[in-house]
1. Of the residues that sit in region 69-90 and are under 20 Å from the mean Cα position of the chain (by Cα) and surrounded by 14 or more Cβ atoms within 10 Å (Cβ to Cβ), which one is farthest from the ligand (Cβ to nearest atom)?
2. Cβ-Cβ below 7 Å, separation at least six or inter-chain, first residue in region 75-96 and closer than 23 Å to Glu146 by Cα, second at pLDDT below 90 and among the charged types (D, E, K, R): which pairs?
3. Do you know which of the residues in region 34-56 that are within 20 Å of the chain's Cα centre (by Cα) and touching a residue at least 24 places away in the same chain (Cβ under 8 Å) is farthest from the ligand (Cβ to nearest atom)?
4. What are the pairs, 6+ residues apart or on separate chains, where a residue within region 11-33 that is within 14 Å of His56 (Cβ to Cβ) and within 12 Å of the ligand (Cβ to nearest atom) has its Cβ under 6 Å from a residue that is in a strand (DSSP E or B) and of a type in the set (Gly, Ala, Ser)?
5. So which residues in region 93-112 are surrounded by fewer than 13 Cβ atoms within 10 Å (Cβ to Cβ) and assigned to a helix (DSSP H, G or I)?
6. Could you tell me which of the residues Ile102, Ile120 is touching a Phe, Trp or Tyr at 6+ places or on another chain (Cβ under 7 Å), within 28 Å of Val52 (Cβ to Cβ) and among the aliphatic types (A, V, I, L, M)?
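The values are calculated or read from the model by the stated rules, or taken from the named source; none is laboratory data. From a predicted model like this one, the values you see are computed outputs, not experimental measurements. Neighbour counts run over all protein chains shown; Cβ positions are idealised from the backbone, glycine included.
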Amino acid sequence: MSNHLVQPGKITHKVTCTLCGGLIMEPPAFNLPIVGRPDDETSRKVKKMTEVLQRHMQRKHPEQFALGMMHVIAFSDWLTMSAFEFEDETLTPRQEATRAAIFALVRQNTFTDANLLHVISTLGLDPDEEKRVFDFAAALRNSMLEIGPQQPEQPGPRLVTL
Ligand SMILES: [Zn+2]
């Protein structure tokens, strides 16, 4: 694959597709600031890379690309509708379901029951206390991550299946 982002003599960083394992490009480090806006040249390079990645998704993974576009549209609709109040009560649960699906898609952290049990086992509690702490921690996790019994209902087709 031709790679128009590689610059000879520069340290590069591989960009690999997680879907097919393909090496897409090896651009030089962008040196993006953690906080704040990158300069215009860096922004242009990142946009160029994103366009290459989008073309890869369109050509090699059209179903995943279409699903991604559905998420973009759903998020855009959600943002727009969030600025309004509706007397039609059927819109509110639908809006909440979209928000929950987007949250499920973008949340990074989770804890399994095994993770919680491992952490709690280091506290030196008796078995009854361990059970109470686990129940509390699991309920808190479920509420914060909106999983298990705390997972919101999603009327209609699910954006995200977890
Ligand atoms: Zn791929």
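1. The residue in question is Trp78.
2. That search, which allows pairs on different chains as well, returns Trp78/Arg99.
3. If we filter region 34-56 for residues that are within 20 Å of the chain's Cα centre (by Cα), which is where we start, we get 34-35, 46-47, 49-51, 53-54, 56.
If we keep only those that are touching a residue at least 24 places away in the same chain (Cβ under 8 Å) as well, we get 49, 53, 56.
Working: Met49: 15, Leu53: 9, His56: 6 Å.
Looking at the filtered set, the residue picked out is Met49.
4. Close Cβ pairs satisfying both conditions: none exist.
5. Taking region 93-112 first, the residues surrounded by fewer than 13 Cβ atoms within 10 Å (Cβ to Cβ) are 106, 108-110, 112.
Correct list: Val106 only.
6. Numbers: Ile120 fails: within 28 Å of Val52 (Cβ to Cβ).
Criteria check complete, one pass: Ile102.
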